[in-house]
Amino acid sequence: MSTSIALLADGVYGPCSRRQVLSRFCVVGGISESTSSDKGRIRRLRTRAVVSSEPIGVTSESVIKKEEILVPKIVERGSSDGKYSIVETSAGSRETTLLIDDTCYKTDSVKDYLDFSKDLVRPDGGPIRWFCPVECGDHVKDAPLLLFLPGTDGTGLGLITHHRALGRMFEVRCMHIPIFDRTPFEGLVKFVEEMVQSEYKLCPNKPIYLVGDSFGGCLALAVAARNPTIDLVLILSNPATSFPKSPLWPFLPLLESIPDQLHIAVPYLLSMVMGDPVKMALVDVEEQLPFLDSINQLSENLVSLLPRLSVLADIIPKETLLWKLKLLKSASSYTNSRLHAVKADVLVLASGKDNLLPSRDEAERLWHILPDCKVRYFKDNGHTLLMEDGIHLATIIKSTSMYRRSRRFDYVMDYLPPTLSEFRKVYDGDYGWFQQAISPVMLSTLKDGSIVRSLAGIPEEGPVLLVGYHMLMGLEMYSLVGEFLRQKNVLVRGLAHPTLFSRKMENARTEPSSVENIKLFGAVPVTPTNFFRLLSTKSFVLLYPGGAREALHRKGEAYKLFWPEQSEFVRMAARFRATIVPFAAVGEDDVAELVIDYNDQMSFPVTKQWIEEFNENAIKIRAGASGEVENEALHLPGLLPKVPGRFYYFFGKPIETSTGLTDKEEAHSLYLHIKSDVERMFEYLIKKRDEDPYRSIVQRSIFQATWGSDREIPTFEL
């Protein structure tokens, strides 16, 4: 199979396209000879080479040697607010970097989509082709291939707001269908299938991602049904498999009788129901702007969109629209008859306000039919989900554990750390109010035994094992992970209950939740294999020996340890010479009161039945263990919120282990020492917090109003 490094020649999409289209896209297949004959106007693209699996009809001047490719240098710098230590990866770097600064990227929007579509849809006489967006840049090591299959517009620009984020995780190629192309659905399926099969032959141990938007969702499912032995991962955004149930279906015959001079109004009408214009205009509104400035920028974006909507009439002229509607009908029929053959992993993104398709109900249908299907439901979004504000496809793929680089998903090796924008969204946005309410105090112990108010006592390098108390509902985890990122630029990988990663947590209308944030920030199922691999990669690992029994304790059991009798983790930590840091955390009784516990719920027949059914096939982490720790029945306790107090964390003196710690009695002795350390730290925190003049949120609010919100709030004397 031949390999070519292909470039797009000037004039492929007409003489007016060279400033915009040429500078952004690299064509990797399907250019006809007639479109590349102008040798004098070939430009070199300053980006990474794009490899095609098939020969391309371009002139020899368009081939770049590997040594000619320009690679930016690695740049180290602090973030704009001075809070984070960031290392930016270059376009040629293959490293996975913690909190990579993706906030400085320009975000493309619907305006960009319409502007570039205007040039991209110019008649060129060429066939269907693949192109690679230049702004995708370079990707991490062993990145899988992602093929974007467009909706009815066929431009291939439907991922324009996600190119930079996805480009770091995948090798991205987008499918472009010219506006006057009349290839039937089966021909389109074969076109995609050829690329999939050729890439599979080159890399049989890597998955291939098919991201299908609306009509592209039918294409992705059809290809998967025809190739059940190829490792495919499907991401479907409002798939058009439900097209016969579209509310517009009865009105489709009327489109044929619309005069040509009135067709220009059709795209305007369709744009009114395709998506939320406000959410589309919000995509490139800067998050840090003051409220009034944000409103002004939003208004300007909305106004600038109106004159651009006329481009939709060029993207889908009348003859093309009628053809696409017939294509949609055959696509949905073809795909629905073959859904039983789909064996791929599937993630369906469904909108609750899709006015073109019944996407919510269709997602539920697919969830029941497809064997390995997840659904994420966005109740406030429209049909053009991938172009609306608040939808970050790369984050969705990572947080749903859908990103992998080999046949089997590996929680350690396939993990990509959160970016700076993901950190800010979660810890300054989603959990910002919680962080403000509890105002956590972090104490740690230096090697000489002195206590400091910071995380200075935590080792700088791993492997490090943090062992401590699990608050009610795990309330302490969010601030703990966030503070380690803020103060130490260290990601703590939590060992979580396997049920959080099972299908029990999934349904046909699962919305993005805090559970996904836990996965996004590195949590893995608590298994010996994952524990071993995290320590072997010198990670910072968070372990709760008390597990679910401790996090779901009963009334009167706050700050009581439910640790197993056996020393489960000490010898494993010693094997890798990991540093063990015991810790305690108090404050749950200052934010909530437990009013309905497990015992209360088991006394009512309805709740008792629900708990028993939910736990019937749940994974038992400590099956066969003795004592209360074995009773880890999962349930939702009833909590009554209180006027928030404050959270206090105390990390003890680091304990260095050695590979010579193999004796069971010696390991058990160290285990009991760690447990007693945690209990001692509980006593210290419970006593000292009564001395904190700013334990109440009222006093903290007065302090911030007086001295400013950026000033650190004092606490008790150490």
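Could you quote the convex hull projected area for the range 483-570, Cα atoms only and averaged over all directions, in nm²?
Value for the range 483-570: 7.9 nm².
Averaged per residue, what accessible surface does the range 612-717 expose to a 1.4 Å probe, in Å²? Working shown, then result.
Numbers: 6250 Å² over 106 residues.
Value returned for the range 612-717: 59 Å² of accessible area per residue.
Kindly provide the trypsin sites (Lys or Arg not before Pro) of the range 131-171 that DSSP labels as loop, not H, G, I, E or B, and whose Cβ sees at most 14 other Cβ atoms within 10 Å.
Values: sites: 141, 164, 168; in loops: 141.
Within the range 131-171, the qualifying trypsin sites (Lys or Arg not before Pro) (loop, at most 14 other Cβ atoms within 10 Å) are 141.
Evaluated at 10 °C with a viscosity of 1.306 mPa s, what Stokes-Einstein diffusion coefficient in µm²/s does the range 574-679 have when Rh comes from the Kirkwood expression over alpha-carbon pairs?
On the way: Rh = 17.6 Å.
Rounded to a whole number, D works out at 90 µm²/s.
Lysine pairs in the range 581-718 8 or more apart or on different chains: how many have alpha carbons under 26 angstrom apart?
Final tally of qualifying lysine pairs is 12.
Highest mean first, what order results for 686-698, 212-224 on Cβ atoms within 10 Å?
212-224, 686-698
Ordering 152, 320 by accessible area with a probe of 1.4 Å, largest first, what comes out?
So, going from the largest accessible area down, we get 152, 320.
Which pairs in the list 206/343; 245/324; 326/353 are over 20 Å apart, alpha-carbon to alpha-carbon? Before the final figure, lay out each step's value.
Numbers: 206/343 16 Å; 245/324 16 Å; 326/353 24 Å.
Too far apart for the 20 Å limit: 326/353.
Let me check something: with ligands and nucleic acids excluded, how do 717, 483 order by accessible area (1.4 Å probe), largest to smallest? The partial results should precede the final answer.
Working: 717 145, 483 25 Å².
Listed by decreasing accessible area, they come as 717, 483.
Using a 1.4 Å probe, what is the accessible area per residue for the range 449-506, in Å²? It would help to have the intermediate numbers written out before the result.
Values: 1760 Å² over 58 residues.
That works out to 30 Å² per residue.
Would you list which lysines come within 16 Å of residue 538, measuring only between C-alpha atoms, while excluding same-chain residues fewer than 8 positions from it?
488
If I compute solvent accessible area with a 1.4 Å probe over the protein chains, what percent of it on the range 388-532 is carbon and sulfur?
Values: 2840 of 5080 Å².
Result for the range 388-532: 56 percent of the exposed heavy-atom area is carbon or sulfur.
Which lysines, if any, have their Cα less than 18 Å from the Cα of residue 519, not counting same-chain residues under 8 positions apart?
The qualifying lysines are 374, 398, 425, 504.
How large is the accessible surface of residue 229 in square angstrom, using a 1.4 angstrom probe and rounding to the nearest 10?
110
Can you bin every Cα-Cα distance in the range 381-450 into 5 Å intervals starting at zero and give me the percent of pairs per bin, rounded to whole numbers?
P(r) over the range 381-450, rounded to whole percents: 3, 12, 14, 14, 15, 14, 13, 7, 4, 2, 1, 1, 0.
Going from most exposed to least, what order do 323, 610 have by accessible area with a 1.4 Å probe? Spell out each step's value before the answer.
Numbers: 323 65, 610 120 Å².
From most accessible down to least: 610, 323.
Tell me the trypsin sites (Lys or Arg not before Pro) within the range 392-485 that lie in a loop according to DSSP and have at most 13 other beta-carbon atoms within 10 Å. Provide the component values of the computation, followed by the final result.
Numbers: sites: 398, 404, 405, 407, 408, 424, 425, 447, 453; in loops: 404, 405, 407, 408, 447, 453.
Sparse-neighbourhood loop trypsin sites (Lys or Arg not before Pro): 407, 408, 447.
The values are calculated or read from the model by the stated rules, or taken from the named source; none is laboratory data. All figures in this text were calculated on a predicted structure; none of them were measured in a lab. So basically every Cβ, Gly included, is an ideal-geometry build from the backbone, and we count neighbours across all protein chains shown. For the accessible areas, the whole protein counts, side chains as well, though only heavy atoms, and no ligand, DNA or RNA atoms are used. Shrake-Rupley method; radii C 1.70, N 1.55, O 1.52, S 1.80 Å.
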